[in-house]
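One structure is given below, encoded as structure tokens.
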Amino acid sequence: MSSTSAPSATSASMSPIEIVLLSLLAAALSLAVALWAGVVGAAVISGAGLVTVGLGDALRAIPALVRNPGEPSRAWPPEVAERIPGPAVYWTVTVLSVVAVVGLFVAARMLWKASTTGRRRLGVDAHARFAKRRELRPLLIREPVPGRFVLGVWGRWLIATENRRWAPPTHTGLRRLLARATGEMRSGQQGDVTSIAIAGPTRCGKTSQCAIPGLLDWAGPAIVLSVKRDLMDATIKRRRDVGEVRVFDPGGFLRENQGAIAIEDHEIARWSPLRMAHTATGAKKAGEALSSWTPKAGVDGGMDFWTTQGKLLFTGLLGAAALSGSPSMKEVAKWVYDMERPDPKNKKKACAPRDVLDRAFKDPRKKPAADSAIRHLRSIWNKPDDRIIASVYATAQTVCDPWLDPNVAAATDLKNGEGEWVDLDWLLDTGNEGKDANTLYLLVSLDDYKRLAPVLAGLLSDLKSQAYEWDMQGRAFPAPLLMLIDEAGNIPLSWLPEVSSTCAGIGIQLVTIWQSLAQIHEAYGKRADILLTNHATKLFFPGASDDSTLGYVSKIVGDEDVERRSWSNDLGGGRRSISGQQNREPLVPYFLSRLPRYGSALLIHSNLPPAHVQGREWWRIKRLAEMAPPPTPEPTVPAGCGPWTPTTARPGRRRTEATSGSAVEEQTERCEAEAVAS
């Protein structure tokens, strides 16, 4: 007895060649029927009566009709040729016959599908399967379209996000009907911009084959946060061609090492949360931006507690710093580290932020901002439990730590005349002709990523707040804004789960890149599922080995029906029986999503079935490779900094026996002389 499995009874009973041959036979038979009906109908309409021809005559007439369509009578047997009318009547009736045959075929197919025992739930097919071309048609494009982020390729098509606002379907008339028929336009509500989550382990292709080519094809303004220079180096030439470029470098990396791509002085970006904190509203927004980084993600109540209490503390301290004579984030950090607050037992004891606000309160122009700042500080200072106050300050110290770094101070100092300030007005400035697309790179090394996360989170939060302020003021974005966050799991943002669902509505295309779903759960705890759901477009690259990713992928794509067949032989009676049983098995088994080749990905988009897409090796695509800078020559390696070689392979190295004291001194002097010479 043996058994096997097959997806369906039909595919199990016929080979692919048999299916192709059967399809060709059905097409030829349908064409013959249409031509036969056409010639008979044309003869009857013209008054010549019925003509006696068969399906074989119709098939033999095809070559002659193709060669000489103006004389259709010559394609048919001589005994009926005289009774066939001219080309106008003949082809009119023939076309109508073809339409009738196609209509009958479609009707028969619909009746057959209706009569089958398919499972439909909620109006859709309940069987798990991969998406068909018709279902993916709203995502398929031949070339990049402004406002649509290209995710990869599917067959010969580019596959990109939908964008009803910036790239709406413009088809009318028959072209619109054709778009409906082919699936290019959905029969229901047309899809729109959605946030994108890209998940995959290191070196799986999510940056090199998705983020980089997607950014090269993006025609609008962009905010790009990355911990690797390859993303900036590969795209900065293209971004310079479409608009201005500025690089925010809080770690001071560019001051010490320009790398292969030189950054001009005017391209260095500067930003400070104190820039607008001299007003009550500005201080509130600055406090919210600075407290958006969530250092206690995953601890019950920790994130919410810090978000509210940290906002109160920083609103007051930033307001005080902005109203002082020398506003500086370094001063704010000192206040936090020193836990500056009034001494209830000695009211005459100096307290720097309180003293600054007392002086500002006497100025009528600064009084509203000073009053707001002191009220926020008192809400922290006057808490009855000193442990709560100490907890708020202790958490604030983790946020303020980067601001004591001289490199951060240089990138955020209000008095520093170097570099250019960045804000949303600059990002969305499309120039006189409306064609410019500016780019802001946030560059930081992986070693500094977590340490400088509060600074990066503050800048992203400030730009996000400005974007929503634009929307509330009724100011429409002149172009869609791309916000691409690499290694998003290392910079938890308190607002990301909610903003990922609403930012698309104001014109922001959000793209976040993660190592795995386990990283998302670690960073956001119970809110991880909210964040994942609000990223309606998801790309899962292969290689993941965590249970969260493998289990999620296997469950979300569903189970398919697999027919299990078994054969049993009766050796004595010579009889053979076959039995079949339908089983439900995962469409993508738990282990399988780890195995595809790197560069490919599983696409989950909105309410469409899953699809297997391929990344784009941009360096092999001429159009994209021309957008990137040319390869740079290998840098000159200084002495002592060459490539590593095993000790045994290094010239002049040999094991020596123990030497006398004078020999050791001679050898030491010789080594020192060689070092000085090099």
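The values are calculated or read from the model by the stated rules, or taken from the named source; none is laboratory data. All values derive from a computational prediction rather than experimental measurement. In this analysis, Cβ positions are derived from the backbone assuming ideal geometry, glycine residues included, and neighbour counts consider all displayed protein chains.
Among the residues that make up region 409-418, is at least one of them at pLDDT below 85 and within 21 Å of R238 (Cβ to Cβ)? Checked against the condition, which is being at pLDDT below 85 and within 21 Å of R238 (Cβ to Cβ), region 409-418 yields no hits at all.
Among the helices (runs of 4 or more DSSP H) confined to region 357-474, the ones with at least 3 residues that are within 20 Å of A488 (Cα to Cα) and not β-branched (V, I, T) are located at 446-449, 453-472.
Can you pull out the residues in region 56-79 that are assigned to a loop (DSSP other than H, G, I, E, B) and either touching a Gly at 6+ places or on another chain (Cβ under 8 Å) or surrounded by 15 or more Cβ atoms within 10 Å (Cβ to Cβ) (or both)? If you could, list the steps in order and put the result at the bottom.
Residues of region 56-79 assigned to a loop (DSSP other than H, G, I, E, B): 68-71, 76-77.
Passing the criteria: E71, W76.
Is there a residue in region 467-477 that is at positive phi, free of Cβ contacts under 8 Å to residues at least 12 places away in the same chain and either among the polar types (S, T, N, Q) or surrounded by fewer than 19 Cβ atoms within 10 Å (Cβ to Cβ) (or both)? Yes, because at least one residue in region 467-477 is at positive phi, free of Cβ contacts under 8 Å to residues at least 12 places away in the same chain and either among the polar types (S, T, N, Q) or surrounded by fewer than 19 Cβ atoms within 10 Å (Cβ to Cβ) (or both).
Taking the conditions (1) aliphatic (A, V, I, L, M); (2) in a helix (DSSP H, G or I); (3) more than 20 Å from P221 (Cα to Cα) in turn, L539 satisfies each one other than (2). Every test in (1) part of a helix (DSSP H, G or I); (2) in contact with a helix residue (DSSP H, G or I) (Cβ under 9 Å, 6 or more places away or on another chain) is passed by K526 save one, and that test is (2).
Test of understanding: among R270, R246, which residue is touching a strand residue (DSSP E or B) at 6+ places or on another chain (Cβ under 8 Å), of a type in the set (D, E, K, R), within 30 Å of A360 (Cβ to Cβ) and at pLDDT 85 or above?
Values: R246 fails: within 30 Å of A360 (Cβ to Cβ).
Testing whether each residue is touching a strand residue (DSSP E or B) at 6+ places or on another chain (Cβ under 8 Å), of a type in the set (D, E, K, R), within 30 Å of A360 (Cβ to Cβ) and at pLDDT 85 or above leaves just R270.
Evaluated against (1) modelled with pLDDT of 90 or more; (2) outside the structural domain of D471 (by TED's automatic domain parsing), N583 falls short on exactly one condition, (1).
Consider region 374-397. How many of its residues are surrounded by 17 or more Cβ atoms within 10 Å (Cβ to Cβ) and closer than 14 Å to Q309 by Cα? Total meeting the criteria: 9. A search for C-beta distances below 9 Å between a residue of region 213-235 that is within 14 Å of A625 (Cβ to Cβ) and any residue that is in a helix (DSSP H, G or I) and of a type in the set (F, W, Y), counting only pairs 6+ apart in sequence or on different chains, returns P213/W618; L216/W618; A234/W618; A234/W619.
Among the candidates K237, K228, the residue that is under 18 Å from A488 (Cβ atoms) and surrounded by fewer than 24 Cβ atoms within 10 Å (Cβ to Cβ) is uniquely K228. I'd like to check something: does region 309-324 contain any residue that is over 19 Å from N382 (Cβ atoms), of a type in the set (F, W, Y) and either part of a helix (DSSP H, G or I) or in contact with a helix residue (DSSP H, G or I) (Cβ under 8 Å, 6 or more places away or on another chain) (or both)? Taking every residue of region 309-324 in turn, none turns out to be over 19 Å from N382 (Cβ atoms), of a type in the set (F, W, Y) and either part of a helix (DSSP H, G or I) or in contact with a helix residue (DSSP H, G or I) (Cβ under 8 Å, 6 or more places away or on another chain) (or both). When region 532-549 is limited to residues that are more than 17 Å from the chain's Cα centre (by Cα) and surrounded by fewer than 22 Cβ atoms within 10 Å (Cβ to Cβ), the one that is nearest to F149 (Cα to Cα) turns out to be G543. The residues listed here are R156, R148, R121, R165; of these, the one that is touching a Ser or Thr at 6+ places or on another chain (Cβ under 9 Å) and either at pLDDT 85 or above or of a type outside the set (V, I, T) (or both) is R148. Filter region 123-167 for residues that are assigned to a loop (DSSP other than H, G, I, E, B) and of a type in the set (A, V, I, L, M) and give the result. Of everything in region 123-167, those that are assigned to a loop (DSSP other than H, G, I, E, B) and of a type in the set (A, V, I, L, M) turn out to be A126, A128, A131, V145, A167.
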